[in-house]
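Visitor: Okay, here's the structure, questions in a sec.
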Amino acid sequence: MPSPLRHAAVLAAGMLLTGTFNTLLTKHQDQQCVGNCDDPDPSKRELFEQPVWQTLTMFYGEMLCLACLYVAGLFQRSASSPAADGYQPIPDAESNADIADDVPTTDALPVVAPVSD
């Protein structure tokens, strides 16, 4: 099982790598010509500008990171629990014979006679 520090380092490295690619791809996407591309005057060309789409894709990427973190937490919890359904069996009397010897019985208690008036 990976340590929490290693787990955090892998998540940080993954987010750094995907964030770098996201920045580079968004820059490339913004420089793409979508209209009047054959015009010799570069000021008349229309470049791709859809910040809503870019924002949605970035939000989607962030949600995927959270989903991966949630799934990793589920796997970690299921691996650390002793039973698949979360319940542990109650030990029977035979397996607790040594514990039963330490429990006091009513024979050891003093008998108190009722007080008469």
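Here, each number is a calculation from the coordinates, and none is a lab measurement. For clarity, every value in this text was computed on a predicted model and none was experimentally measured. Cβ sites come from the backbone with ideal geometry, for glycine too, and all protein chains shown count toward neighbours.
Visitor: Along the Cα→Cβ direction, 7 angstrom out, place labels at LEU25 and MET63. What is the inter-label distance in nm?
Guide: 1.6
Visitor: Given the Cα-Cα distance of THR18 and ILE90 and 0.36 nm per residue of separation, how much length would full extension add, in nm?
Guide: 21.1 nm
Visitor: Describe numerically, in nm with one decimal, the distance between label points set 7 Å from Cα along Cα→Cβ at ASN36 and at ARG77.
Guide: 5.7
Visitor: Here's another thing I want to ask about it. Return the sequence-ordered ³J(HN,Hα) values of segment 25-38 in whole Hz as given by the Karplus equation 6.51 cos²θ - 1.76 cosθ + 1.60 applied to θ = phi - 60°, using x for Gly and Pro.
Guide: Residue by residue, segment 25-38 yields 5, 5, 4, 4, 5, 5, 8, 7, 7, 10, x, 6, 6, 8 Hz.
Visitor: Suppose R0 equals 35 Å. What FRET efficiency, 1/(1 + (r/R0)^6) with r the Cβ-Cβ distance, do GLU49 and LEU11 give to the nearest 0.05?
Guide: That gives a FRET efficiency of 0.60.
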